[in-house]
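The values are calculated or read from the model by the stated rules, or taken from the named source; none is laboratory data. No experiment lies behind these values; they were computed from the predicted model shown. Positions of Cβ are generated from backbone atoms using ideal geometry, with glycine treated the same way; all protein chains shown enter the neighbour counts. Surface accessibility is based on the protein's heavy atoms, side chains included, excluding ligands, DNA and RNA. Shrake-Rupley method; radii C 1.70, N 1.55, O 1.52, S 1.80 Å.
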Amino acid sequence: MTRFPRPWLVSSGVLCALLLVWDVQVLAAHGVAQGDQGFFLTNVGAAIGPFMYLGAKHMFTGYDHLLFLVGVLFFLYRFQDVVLYVSLFTLGHSITLLVGVLWGVEANPFIVDAIIGLSVVYKAFDNMDGFRRFLGFQPNTKLAVLTFGLFHGFGLATTLQELSLSREGLVTNMLSFNVGVEMGQVLALMGVLIALSFWRSRGGFLKHAFLANALLMMGGFILMGYQIVGYFVNAS
Amino acid sequence: MTDPIMSDSPMPDSPSKAKLLRATLAAILVAGLVLVTVVLPAEYNIDPLGAGEALGLIVLSESGTDAIPVRSDGIIPQSGSYRLDEQTFELGPGEFVEYKYRLEQGRAMTYSWTASFWIRSEMHSEADGAEPGTAEFFEVEEKTLEGHGSYVAPFPGIHGWYWLNEGDGPVTVTLHAAGFFTESTVFLAGVAPVERDITETPLEGALRSYINTGPARLPVRIPGN
């Protein structure tokens, strides 16, 4: 079933390793002990490396983004489809990340993160063929990925703005963060794709697809509940 | 295929509405269960079923450390009375003293102390309502001559030092502290703890004399004059 060319998988593994080494070097150069927050508090001006690293770290350690990507990639078998959908997602979140930071749009992080949780639920239900069953037609999946990409970007913009950026070097730093986000995403995607390819080649993939997506949906509901309760706790 | 809707979804045997509803409800139920028993107790200290307590997760959200508002510019805003305090303790061989300041949660102090010879020092805090004898230790030094730092109380209670002279000769410990405390407590061997008010700071005294006598007495240099 899998049509991923073998050289592509091998080269992705090499790139993963290279990125990890690069990450570690940035870490070592900047002293983790002080913490990311400490760096942002004292940083003035352009700092390409650190912002790229933090973008990559945010994406790579952000389980909400990762769960959504697992949902999007779940039934994508062809390499060109993967590229298409990931590009749409990237387009969506880059637009809102750049616009959000430049215009200083401040969205409530709990609401944004609850919508990101909802995106996981939506995609899992979509994978389970739920929309076609209940609505009688398939909502445009490309449009859905683009739209939820916009919300994920608002989450990224909120994260970046919480770090109290100085105006000096803002554009450079924001673009560095965005590039880092894409690198982290590529890194995470490779992990997801390798795991999915492995699972598909082992068989039992389609048999357990329904259960897997039900679990994905549960993860989305947990994220939603976590953020919605957080909204009310912080509001009171 | 009995499916009335021709499906090109990769999902084999497009699931029935009933199956979809069951799966969605199950996902919501399990998610709710995980939220109520694990996530909410650990993250927000909300524990309606007592499951977080039973699993020992409450400690994660109970620590008030992250409740201290640190502004993004690095300032930790303070309120209340600002005090300066200075203490000297003479400790013979084997003697100890404990000296602690009352600080509410989020109140800050800076401190600097030196000892005339090696001494054992334990910086620790006792939270209000904590069981007697339980304390949170921040810095324990077996043999040291000094300690300097700033401190923001992670919880309301008394916060300070235990100094023990483990040497053969006398040791003098001199402490300077400034911060948003109004009282301190001294613990000595064989004596009941003594609480004392730190009512007025030397700074306030200096300020008062400045107000009374006017600025002319202060050494002010006007450039180019």
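Read through the list (1) more than 26 Å from B:Gly92 (Cβ to Cβ); (2) in contact with a Pro (Cβ under 7 Å, 6 or more places away or on another chain), then give the number of the only condition that B:Asp168 fails. With respect to (1) more than 26 Å from B:Gly92 (Cβ to Cβ); (2) in contact with a Pro (Cβ under 7 Å, 6 or more places away or on another chain), B:Asp168 is out only on (1).
When you look at B:Ser81, is it modelled with pLDDT under 80, under 28 Å from B:Thr185 (Cα atoms) and of a type in the set (Ser, Thr, Tyr), yes or no? Taking the combined requirement at face value, the residue does not satisfy it.
Residue-level check: of (1) within 14 Å of chain B (Cβ to nearest Cβ); (2) open to solvent by less than 20 Å² (accessible area, probe 1.4 Å); (3) closer than 26 Å to A:Leu150 by Cβ, A:Gly184 misses just (1). Condition first: farther than 21 Å from B:Ala42 by Cβ, open to solvent by 20 Å² or more (accessible area, probe 1.4 Å) and either facing chain B (nearest Cβ under 7 Å) or in contact (Cβ under 8 Å) with a residue 40 or more places away in the chain (or both). Now tell me which residues in segment A:211-231 satisfy that. Once the filter is applied, which keeps residues that are farther than 21 Å from B:Ala42 by Cβ, open to solvent by 20 Å² or more (accessible area, probe 1.4 Å) and either facing chain B (nearest Cβ under 7 Å) or in contact (Cβ under 8 Å) with a residue 40 or more places away in the chain (or both), segment A:211-231 yields only A:Ala212.
Table: residues versus (1) closer than 23 Å to A:Phe110 by Cβ; (2) at pLDDT 75 or above; (3) in a helix (DSSP H, G or I).
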{"position": "B:Leu35", "(1), (2), (3)": "yes, yes, yes"}
{"position": "B:Leu40", "(1), (2), (3)": "yes, yes, yes"}
{"position": "B:Glu43", "(1), (2), (3)": "yes, yes, yes"}
{"position": "B:Asp47", "(1), (2), (3)": "yes, yes, no"}
{"position": "B:Ser61", "(1), (2), (3)": "yes, no, yes"}
{"position": "B:Val70", "(1), (2), (3)": "yes, no, no"}
{"position": "B:Asp73", "(1), (2), (3)": "no, no, no"}
{"position": "B:Ile76", "(1), (2), (3)": "no, yes, no"}
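Have a look at A:Ala56, A:Ala114 and point out the one that is more than 13 Å from chain B (Cβ to nearest Cβ), open to solvent by less than 30 Å² (accessible area, probe 1.4 Å), modelled with pLDDT of 85 or more and part of a helix (DSSP H, G or I). From the options A:Ala56, A:Ala114, the qualifying one is A:Ala56.
Per-residue answers, yes or no, for (1) under 16 Å from the mean Cα position of the chain (by Cα); (2) away from chain B (no Cβ under 14 Å); (3) touching a residue at least 40 places away in the same chain (Cβ under 8 Å):
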| position | (1), (2), (3) |
| --- | --- |
| A:Asp81 | no, no, no |
| A:Thr90 | yes, yes, yes |
| A:Val120 | yes, no, yes |
| A:Asp126 | no, no, yes |
| A:Leu143 | no, yes, no |
